[in-house]
Amino acid sequence: MTKYIFLLIGIISSTLLNAQEADNNLQGYFVTNSKESLYSYFAFDGNGKVDIAGYGKGDYFVKGDSVVVFPDKDIFIFKISKTHLSGNSSWVKNTKWDLKKDSIAENNRKDDALAKKNAQLLYEYYRKTRAKSNDLEKLFDESAMANYTKNIDDLCGRGLAKACMEKLGLMVMEDLGGISAVLASKTKKPKQNPEIIKLGQKIITMGEVEGHTVLGSYYYSLGDKVKAEKEWQKGTDKGSTKAAMVQFEAEMSEPK
């Protein structure tokens, strides 16, 4: 069970950008010939989601000539120039990806106003919570953690699914006794919290497929394997690589 508790907590776990409004209308399949890169391609869907070399999908926004991608707990920053992406942060630095013009990359942009709103909220999230500090630093700074929690709560309330995912992680950690209890391996036995389940369901209704992944992991941490597998399967059916991976790991860890 501990693995799935930490998976939820892990959800918690710069460059100058010009004054142009953030957007997420970048669409296309970018590939690299580099054999040293862990990421052979990035496929942007024109609506705020990017397939990261088959490892799973992340969020992204574009501001000026910068593309900021959130793969999970880290951040990738690129400079974009016509049909090229140049890595400008750890894990992607000094590598280039070229737009493959003859590829078929899905374009999921259906509501331009909503897409722009999400991009601007994601940029605000980046600016307020990630640009000048990392998650580990926040965990050990009471003032920074309080400010982070306030920002996450505000952004979630305004419709940013990623912020709601992190809020859910914070709620789980609080129920376990807080970060000190987690680090000391003295967590409380998890009990079902209706507010956490309600938030998980809200994330799903916001269109975030990984809501199934985290809600399933929460059910699993409570010992409800039936509900956990149901949520993971829903996520997998909707195309979540993460949900499929977590479900597979859970099945492999079960006693034979």
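Yes/no per residue for (1) surrounded by fewer than 16 Cβ atoms within 10 Å (Cβ to Cβ); (2) aromatic (F, W, Y); (3) more than 21 Å from S240 (Cα to Cα):
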residue: F70; (1), (2), (3): no, yes, no
residue: H84; (1), (2), (3): yes, no, yes
residue: W91; (1), (2), (3): yes, yes, yes
residue: N107; (1), (2), (3): yes, no, no
residue: Y126; (1), (2), (3): no, yes, yes
residue: T129; (1), (2), (3): no, no, yes
residue: A146; (1), (2), (3): yes, no, yes
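Within region 63-91, the set of residues being among the charged types (D, E, K, R), part of a strand (DSSP E or B) and within 29 Å of G169 (Cα to Cα) comprises just one member, K63. Being under 24 Å from G157 (Cβ atoms) and polar (S, T, N, Q) is a property that T205 has. With respect to the numbered conditions (1) modelled with pLDDT under 90; (2) part of a helix (DSSP H, G or I); (3) under 18 Å from the mean Cα position of the chain (by Cα), which one is the sole condition not fulfilled by Y123? With respect to (1) modelled with pLDDT under 90; (2) part of a helix (DSSP H, G or I); (3) under 18 Å from the mean Cα position of the chain (by Cα), Y123 is out only on (1).
Within the option set K234, K162, K238, being under 22 Å from Y125 (Cβ atoms) and of a type in the set (K, R) holds for one residue only, K162.
The values are calculated or read from the model by the stated rules, or taken from the named source; none is laboratory data. The model shown is predicted, which means the values in this text are computed figures rather than measured ones. Note that each Cβ is placed from the backbone with ideal geometry, even for glycine, and that neighbours are counted across all protein chains shown.
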